[in-house]
Amino acid sequence: MATQAAFLAGLSQLAAQPGRDRAVAPARVAVAAVGVGSAKVGVRVGVKAGTAEAKAVAQRRGVRCRASLIEPDGGRLVDLVAPEEGGRRAALRREAAELPHRLRLSRVDKEWVHVLSEGWASPLQGFMREHEFLQALHFNAIRGADGRMVNMSVPIVLSLGDAQRRAIQADGATRVALVDQRDRPIAVLSDIEIYKHNKEERIARTWGTTAPGLPYVEEAITNAGDWLIGGDLEVIEPIKYNDGLDQYRLSPAQLREEFARRNADAVFAFQLRNPVHNGHALLMTDTRKRLLEMGYKNPVLLLHPLGGFTKADDVPLSWRMKQHEKVLEEGVLNPESTVVAIFPSPMHYAGPTEVQWHAKARINAGANFYIVGRDPAGMSHPTEKRDLYDADHGKKVLSMAPGLERLNILPFKVAAYDTKQKKMDFFDPSRKDDFLFISGTKMRTLAKNRENPPDGFMCPGGWKVLVEYYDSLVPSEGSSKLREPVAA
């Protein structure tokens, strides 16, 4: 990981970023986005970029070729962190401390502040007002200032209780301070709008069910306030977690800087919330091979694990990052063409609805290709013995989603363990009996029982990390309950 390590070490030396709603300077790379109306066409292997044939394809399919990284949604990358220049950050800190109304942020609320502040949700300028909330809920998109529809499939909202609502409205307040669990000011929300939080409608529209047991609902909605407050957000300083992983939390602007530094002429993103096995690596290396065959000279992989809230049985972020490090150290993925960073969003497990958010956010980070697999952002039904979503609907929805026309969707090839070659390979239906499918559940069971997987399933160092994690889940002394996992 030497290449990325050098970049991470130099981040502190970057010039201070200007204030909110900052335009991103174009990087000197060539990127093509392929689309036909609202439905994207697949990657056409063998058409060389810049050739007469490529130009003809562009004319037929409406391909728009740019001399820069793909533009953020709305054309500008939003930056909601107060600049230090001119004393604005210090002034905002004083103002937040003096505001009479303070809303305490939950863990998930703070993660959304992080997401908004760095422009992952561009062009959103803060927590959604009612018209934005309704558009996201019912259209999976919002209308930007230029009149164009921008994909936004999950509501990004902040709740408050009835007593707080009455107090704010009685004072006619237009600004409130947002504070953390220790009552330290984090941000100021201005030009506020308060509206009803219809939880049942929100849950039904986002998840397609109101069944009990949805992880995000239980964490962030069930016990939330009955009102929502939206407004323009200004964050006092960059969000930090001080957990030893902040060097991986690269903002969209920082990622674009890194892609430009590497002279990337295509960026393909892979979202994950699980450890990387060799089947994942095969998919990612094959994708790069396909892009090279298309004529790109230096496609760069954005390996982008989700770093916000996840359900209790998912492997914690610190352990996943340690496992990802081993994948690069052992050469399973090439460090020279891979950027590993943390995506700060909480996880909804909302299937085809949520996968649009995952894809949209990566556009703002500069990715113009997005790898999608089986049942993206899905989960088992919380009360029935079946998957909550159709396994193919996620990739189908992405191919039609409003506001994602500029993004190239790369569906997974099916990878499985080839028992003859003793390695992960693409599934060959002509000899289906030679292949072994190892589910995430089976992988976790093997690790918990300290059993070795088949040779070639995962790099040795990565598997060792996974076993160490499950070893940390030993019962506490005098208790039958599992203790919290120790930090990696």
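Quick look at the values:
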read-out: Gain upon complete extension [residue 311, residue 383; 0.36 nm per residue less C-alpha separation]; value: 24.3 nm
read-out: Extended-chain gain in nm, criterion 0.36 nm per residue less alpha-carbon gap, residue 464 and residue 166; value: 101.9 nm
read-out: Residue 210-residue 420 FRET efficiency (beta carbon distance; Förster radius 60 Å; 0.05 resolution); value: 0.80
read-out: Label point distance in nm, residue 286-residue 241, each placed 7 Å from Cα along Cα→Cβ; value: 3.1 nm
read-out: Segment residue 145-residue 218, length gained on full extension (0.36 nm per residue, minus Cα span); value: 22.9 nm
read-out: Probe 1.4 Å, all protein chains present, accessible-area order of 277, 131, 138, 114, largest first; value: 131, 138, 277, 114
read-out: Euclidean distance between Cα centres, the stretch 380-439 to the stretch 163-228, Å; value: 36 Å
read-out: Dipole axis of the stretch 88-235 (+1 Lys, Arg; -1 Asp, Glu on Cβ), positive-most option in 126, 152, 140; value: 126
read-out: Total charge dipole magnitude, the stretch 234-294, about the Cα centre, Cβ charges on Lys, Arg, Asp, Glu only, Debye to nearest 20; value: 260 debye
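The values are calculated or read from the model by the stated rules, or taken from the named source; none is laboratory data. This is a predicted model, so every value here is computed, not measured. Every residue, glycine as well, gets a Cβ built from its backbone with ideal geometry; the counts of neighbours run over all protein chains shown. Surface areas here come from the heavy atoms of the whole protein model, side chains and all, with no ligands, DNA or RNA. Shrake-Rupley method; radii C 1.70, N 1.55, O 1.52, S 1.80 Å.
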